[in-house]
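Just so it is clear, none of the values below were taken in a lab; they were calculated from the coordinates. Bear in mind the structure is a predicted one, so any value in this text is a computation, not a measurement. Note that each Cβ is placed from the backbone with ideal geometry, even for glycine, and that neighbours are counted across all protein chains shown.
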Amino acid sequence: MTQLCATRLVAGFNGHTVLREVSMTLQAGEVVGLIGPNGSGKTTCLRVLAGLLRPQAGRIELDGRALGSFEPRARARLIGYLPQGAEVHWPLVVRDLVALGRQPHVGPWQRPGAHDRAAIAAALRAAEMDGLADRIVTRLSGGERMLAHIARLLAGEPRIVLADEPVAALDPAHQLRVMALLRAIAGGGGAVLLVLHDLTLAGRFCDRLVLLDAGVVQAAGAPAEVLTRANLARVYGVEVVDGAHAGERFIVPWRPVAAPDSDL
C-alpha cells in the first residue's frame with residue numbers, strides 16, 4: 001500500500017524557516033486536507049513532499065524508501081503535483097496540455113505509445129474535459145482550465161496527488177466537481193493531499209485534516225476532531241456558525257474573535 005511519510009520536517013528558504021518539526025502520513029485510498037491561515041506553511045509543505053524543495057532537517061519516505069533516493073523522473077511517475085494558480089501562457093490545445101502529463105513515462109525522442117494515448121483519453125474523460133479536448137486552453141473559463149490541469153496530472157497516472165488550492169477562485173459548481181474528482185482518485189486507490197481554505201469542503205471531502213499555523217501542526221485527525229470551535233478560534237481567530245445538512249456538517253466563518261478587553 002502506498003504511503004508517504006514525513007517525519008519532523010524543517011524547511012524554508014532565503015534563510016527563513018517556514019516548517020518546524022512537521023510530521024504527517026498519507027496512505028492509499030484517502031484524501032487528506034492541509035488547512036491553516038495564510039502564511040502557515042501549507043505550500044512549502046507540499047513543495048517539500050513533492051521533492052521540489054529540500055528540507056533542512058527531517059525525513060520523507062515513500063513506501064519505506066527515502067524520497068531523495070528516487071531519480072527525478074521516477075519520482076515524477078509516482079507523485080503528481082498541481083501548483084497553486086497553475087496557468088498556461090501560450091495557445092496550447094487542451095489535449096496537448098494533458099499529454100504533457102505523460103512526459104515522465106516517455107523517453108527522450110520517443111513518441112507516445114498506445115498506453116500513453118489511452119491514459120490521455122482516460123484523463124480527459126475523468127475530468128469531463130473530453131468535449132473540450134480541441135479547445136485552446138487560454139480561451140477556457142477558470143474552472144475549465146483547472147479541470148484541464150487536473151486531467152494533465154491524471155494522465156501521468158501518479159499514485160500520489162499533491163494539489164495546492166485546486167478550488168481557489170472557482171465557482172461553487174466547479175469547486176464541487178473538482179473535489180468529487182479528487183475524492184474519486186482516492187476511491188480508485190490513489191492518495192491525495194490538498195491545500196484548502198474552505199472549511200466546509202475540507203470537512204465533507206477529506207478523511208483527515210492537518211491544521212498548520214506558523215509552520216507547526218496544531219491539530220491532526222478526523223475532520224470533527226480538527227474543526228472544533230476552539231481550534232478555529234485559536235488558529236484562525238474567527239468565531240464560526242456551524243450546522244448539519246443531510247448528515248454532513250457545514251461551517252461558516254462569522255466574525256473575528258473579540259479582542260480581550262484592554263487594561264489601558
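Considering the stretch 86-103, the residues that are part of a helix (DSSP H, G or I) and more than 20 Å from the chain's Cα centre (by Cα) include one that is surrounded by the most Cβ atoms within 10 Å (Cβ to Cβ), namely Val94.
Among the residues of the stretch 64-85, those that are touching a strand residue (DSSP E or B) at 6+ places or on another chain (Cβ under 6 Å) and either surrounded by fewer than 18 Cβ atoms within 10 Å (Cβ to Cβ) or assigned to a strand (DSSP E or B) (or both) comprise Ile79, Gly80, Tyr81, Leu82, Pro83, Gln84. Check the stretch 37-59 and report whether any residue there is touching a strand residue (DSSP E or B) at 6+ places or on another chain (Cβ under 6 Å) and of a type in the set (D, E, K, R). Yes, the stretch 37-59 contains at least one residue that is touching a strand residue (DSSP E or B) at 6+ places or on another chain (Cβ under 6 Å) and of a type in the set (D, E, K, R). Going residue by residue through the stretch 152-174, is there one that turns out to be among the aliphatic types (A, V, I, L, M), touching a Leu at 6+ places or on another chain (Cβ under 6 Å), farther than 30 Å from Arg229 by Cβ and buried (at least 16 other Cβ atoms within 10 Å of the Cβ)? Yes; the residues of the stretch 152-174 include at least one that is among the aliphatic types (A, V, I, L, M), touching a Leu at 6+ places or on another chain (Cβ under 6 Å), farther than 30 Å from Arg229 by Cβ and buried (at least 16 other Cβ atoms within 10 Å of the Cβ).
What is the one condition in (1) assigned to a loop (DSSP other than H, G, I, E, B); (2) surrounded by fewer than 19 Cβ atoms within 10 Å (Cβ to Cβ); (3) of a type in the set (A, V, I, L, M, F, W, C) that Ala180 does not satisfy? The number of the failed condition is (1).
Checking each residue in the stretch 1-23 for being in contact (Cβ under 8 Å) with a residue 60 or more places away in the chain and either in contact with a His (Cβ under 9 Å, 6 or more places away or on another chain) or crowded, with 20+ Cβ neighbours inside 10 Å (or both) picks out Leu4, Val18, Leu19, Val22.
Of the residues Arg77, Arg111, the single one that is within 19 Å of Leu193 (Cβ to Cβ) and of a type outside the set (A, V, I, L, M) is Arg77.
Residue-by-condition table, conditions (1) under 12 Å from Leu34 (Cα atoms); (2) part of a helix (DSSP H, G or I); (3) in contact (Cβ under 8 Å) with a residue 60 or more places away in the chain; (4) not polar (S, T, N, Q):
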site	(1), (2), (3), (4)
Ala184	no, yes, no, yes
Leu194	yes, no, yes, yes
Asp242	no, no, no, yes
Pro253	no, no, no, yes
